[in-house]
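Read-outs throughout are calculated quantities, based only on the coordinates presented, and are distinct from any laboratory measurement. A quick note: this is a predicted structure, and the numbers were derived from the prediction, not measured. Heads up, the Cβs are rebuilt from the backbone with ideal geometry, glycines too, and the neighbour counts pull from every protein chain shown.
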Amino acid sequence: MVERAHTIAEEVLFPAALEVDARGAIPGSHFDLLAAQGFYGLMGRPEHGGLGVDFPSLLNILETLSGGCLTTAFTWYQHHSVVRGLTGTANADLREKYLGAAIRGELRGGVSLAGAIPQPPRLWATATNSGWLLSGEAPFVTGWGIVDMLQVSARNTALQAGEPTGTIVTGLIDAEAGAGIAVEELHMIAAQGSNTVRLRFENYVVPAERVTAEVSHRDFLANQWLGSRRNGCLAMGVAGRCIRMIGEAGRGEIAELLRAEHGVIRERLDGGLGDPETMPAARAAASELAYRCAGALVVAVGSSGILARQHAQRLVREATFTLVAAGRPEIKDNLLGAFGRVHE
Ligand SMILES: Cc1cc2nc3c(=O)[nH]c(=O)nc-3n(C[C@H](O)[C@H](O)[C@H](O)COP(=O)(O)OP(=O)(O)OC[C@H]3O[C@@H](n4cnc5c(N)ncnc54)[C@H](O)[C@@H]3O)c2cc1C
């Protein structure tokens, strides 16, 4: 799968990346190819028809595809939350109904964490006799019009002894506007083709049959650092592409220096897996490197780098995207610390 990812990134994604960026749309054939080659089932278990690739291979694939076309890789990447949710759910009927199709990429998914990560939460779930009512908003949801389903997490409004229970309710909803759900398009400077939108929920009905989990907030957040390692690949992919193009622009010595730093930051990200406290700084370093490498690429190719149909300006905007997408307060602090450093 790692080799396949390299081939797809070089032969399909990268050649189309400027067009995807300019049109603000990803060809459906990109996702069909990824599905046909098994990439929607990377994180599915073999007993469910998935590939169950090991974690280092997953990271390699994600970084490689991000270096091909960040917009495509980011949009496709959201799907794995749905596969993980369906794999781990105690709701056997739901798993039976959707997991196989999700692993085959016949059913494609996105995710909304706005009820789980932000403090205070943006999205709330109120229990009814037959399920939950969602109210609030999800300010950034990727894949609208591309995905079939969204895995949505919302904070339980219930009180126990006067205190919020604080549980996080997660369910699968159809990615369609309709009763109780309103959609606002967003206009972004990068990855517009990811079709990222703002959703507003008002008493949106999630039947109990669609719920994948209800867990404590603490349990929900337990593996956040794994997510940071995975989405660090977006920045590393952008940085890697820039470094390669700096070399191709005849500035091999700078490319070598940056490549060495790229390797060191990858080691720091991997180190964060065993030492989660260090992950936010490593994740921030990856985005800072991507941003710096993209700047260096513009300088290396010269003024033509800011022309609309050049990769350099696209990569600057995509590096900017990695500064905030999937950010967390600790990553933000580390990035601001790095950008705010005063040179003597
Ligand atoms: C292009 C793009 C696409 C995105 N797609 C998705 C998506 O598909 N699903 C999704 O859940 N999120 C998505 N996000 C949201 C993104 O992950 C959060 O915005 C980011 O993690 C932190 O938010 P911030 O940079 O606004 O944080 P800050 O301005 O630093 O802080 C604002 C608050 O937002 C909180 N926050 C963290 N995560 C989220 C979140 N997911 N939604 C709302 N607020 C959050 C932060 O903890 C913080 O409290 C997307 C963001 C971008 C830029």
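Would you work out which of LEU258, GLY302, ALA282 lies farthest towards the positive end of the dipole of the range 185-344? Charges go on Cβ: Lys and Arg +1, Asp and Glu -1. In the range 185-344, that residue is GLY302.
Nearest 10 degrees, 0 to 90: what angle lies between the long axis of helix 252-274 and the longest principal axis of the chain (Cα atoms)? Between helix and principal axis, roughly 30 degrees.
Under 5 Å between amide hydrogens, built in the peptide plane, is the criterion, and for LEU107 it picks out ALA102 among residues at least 5 positions away or on other chains. 3J(HN,Hα) along the range 313-329: 5, 4, 5, 4, 5, 6, 5, 4, 3, 5, 5, 10, 4, 6, x, 9, x Hz, from the Karplus curve 6.51 cos²θ - 1.76 cosθ + 1.60 with θ = phi - 60°, whole Hz, x for Gly and Pro.
Within the listed set ARG155, ARG122, ARG309, the Gaussian network model of the chain (springs between alpha-carbon atoms below 10 Å) gives the highest mean-square fluctuation for ARG309. Farthest toward the positive end of the dipole of the chain, out of VAL141, LEU34, CYS293, is the Cα of CYS293, where the dipole comes from beta carbon charges about the Cα centre.
If you take the Cα centroid of the range 282-344 and the Cα centroid of the range 50-120, the two points sit 26 Å apart.
Distance distribution P(r), the range 157-279, all Cα-Cα pairs, bin width 10 angstrom from 0: 10, 22, 27, 23, 12, 5, 1 percent. Connecting C-alpha atoms closer than 10 Å in a GNM of the chain, tell me which of ALA300, ALA260, ALA114 has the biggest fluctuation. Answer for the Gaussian network model of the chain: ALA260. Pair-distance distribution of the range 2-104: all C-alpha pairs, bin width 10 Å, starting at 0; shares per bin in whole percent are 16, 47, 28, 9, 0. Per-residue packing, averaged as other Cβ atoms within 10 Å, sorts the ranges 170-176, 301-307, 62-68, 1-7 into the order 62-68, 170-176, 1-7, 301-307, beginning with the highest.
Round to the nearest 10 and give me the degree value, 0 to 90, for the angle of helix 279-301's Cα axis relative to the longest principal axis of the chain. It works out to around 40 degrees. A protection proxy built from the mean count of other Cβ atoms within 10 Å ranks the segments 87-93, 337-343, 47-53, most packed first, as 47-53, 87-93, 337-343. If you bin all the Cα-Cα distances of the range 1-53 at 10 Å, starting from zero, the percentages per bin are 24, 45, 25, 7, 0.
Among 237-248, 32-43, 184-195, what's the highest-first ranking by average C-beta atoms within 10 angstrom per residue?
Details: 237-248: 24.3, 32-43: 19.7, 184-195: 18.0.
Highest to lowest by the protection proxy: 237-248, 32-43, 184-195.
Couplings 3J(HN,Hα) for the range 170-186, derived from phi with the Karplus relation 6.51 cos²θ - 1.76 cosθ + 1.60 (θ = phi - 60°), are 10, x, 9, 10, 6, 7, 9, 5, x, 4, x, 9, 10, 10, 10, 5, 10 Hz, where x marks Gly and Pro.
Angle check, please: helix 79-88 long axis (alpha carbons) against the longest principal axis of the chain (alpha carbons), in degrees 0 to 90, nearest 10. Long axis of 79-88 versus the principal axis of the chain: about 40 degrees. Here the alpha carbons of the range 109-217 define both size measures, Rg and Dmax, at 13.7, 47 Å.
Shown here are the Rg and Dmax of the Cα trace of the range 189-344, at 18.5, 61 Å. GNM remark for the chain: springs join alpha carbons under 10 Å apart, and the peak mean-square fluctuation among ALA125, ALA312, ALA249 falls on ALA249. Using the basic label-point model (7 angstrom from Cα toward the beta carbon), what is the LEU221 to ASP93 distance in nanometres? Between LEU221 and ASP93, the simple spin-label model gives 3.4 nm.
Considering helices alone, the calculated mean residue ellipticity of the chain at 222 nm is -16000 deg cm²/dmol, with DSSP H runs of length four and up weighted by -39500 (n - 2.57) and normalised per residue.
The base-10 log of I(q)/I(0) for the chain, evaluated at q = 0.08, 0.09, 0.11 Å⁻¹, reads -0.38, -0.49, -0.73 [Debye formula, identical scatterers on Cα atoms, solvent excluded]. Less than 5 angstrom separates the built amide H of GLY131 from those of ALA208, all sequence-distant by 5 or more or on a different chain. Think of it this way: in the chain, CYS69, CYS233 stand alone, with no other Cys Cβ under 4.7 Å.
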